[in-house]
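The values are calculated or read from the model by the stated rules, or taken from the named source; none is laboratory data. Since we're looking at a predicted model, the values are computed, not measured. With ideal geometry, Cβ positions are generated from the backbone for all residues, glycine too; neighbour counts draw on all protein chains shown.
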Amino acid sequence: MTLFNAGNTRFAATLLTSSLILSAFSFNASATSPAHPSGLNQNMINAQMFTTADYSSTKETKMYPAPKEGQVQHILTLPKLDNEADYMVEIQIGQTKMVDCNKHGLSGGLKQQTVKGWGYNYYQVDSISEGPSTMMACFDEAKTEKFLPIRDDLMLKYDSRLPKVFYLPENTQIRYRVWKVESAFSYSGNTTK
C-alpha cells in the first residue's frame, strides 16, 4: 500500500502545500541599510558624482582615472560595519524615463576594469540605449516616471576599505541597496563524522 493512493490525495496535497510553504521561508535575506549610529534607519552610503568639469581626486580615489568627456564618475563610499561578511551591496545602473504602460528596458554593457599598478576594480558602461519593450496598446495615455535598469545587475561583497567606483554615461544613475544575511548556512548531503 502506498501513501499516495486515491484515498489519500487530500493528505498528499496538504503535505505538498505545507512543504512548499516551508521551503519558501527557509532562506532569509533582506535588503536593509546599515544602522545609523543615531539608531535611525538612515542611508549611510555616501554617493558622489564627478564630471570632467568638476572632477577632484581625494586620497581614497586618486588611483582611479578621471572621467572622460561625456562620462560621470560615481563613487559609493561604504561605512565600516561589524561582520561585513554578512552584507552585500546590490547595484543597478539605469536611467529615469517617462514611460507608458508597456514594459521597457535599456541596453548597455557593464565591464569590470582594473586600475593598472594598483589592482583595484572599477566598473564602466560606455553607452546606454533603448532596449526591448512590449507593444501593448495603452488606452490610458498618461506616462509615468520610472527607473529603467540595464540588464546587468551587480552584487558586490560589502567592503568598506575601498570605494565602489563607476564610470557611466551622462544622465545615468546608480540605484543601490544593502542586503544583510539573517540566517545561518544550510547544508546538503551527509556530514562527515
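A few comments on the model shown:
- Residue among Met63, Met49, Met88 that alone is surrounded by 14 or more Cβ atoms within 10 Å (Cβ to Cβ) and part of a loop (DSSP other than H, G, I, E, B): Met63
- Residue check, Lys146 of a type outside the set (A, V, I, L, M, F, W, C), under 30 Å from Pro67 (Cβ atoms) and surrounded by fewer than 12 Cβ atoms within 10 Å (Cβ to Cβ): no
- Residue check for Lys59: free of Cβ contacts under 8 Å to residues at least 12 places away in the same chain, farther than 19 Å from Tyr176 by Cβ and of a type in the set (Lys, Arg): yes
- Only strands (runs of 3 or more DSSP E) whose full extent lies in segment 99-193 are considered here, and the ones with at least 2 residues that are within 20 Å of Thr61 (Cα to Cα) and without any contact (Cβ under 8 Å) to a residue 60 or more places away in the chain are 110-114, 121-125.
- Residue within segment 23-39 that is at pLDDT 90 or above and farther than 28 Å from Pro149 by Cα present: no
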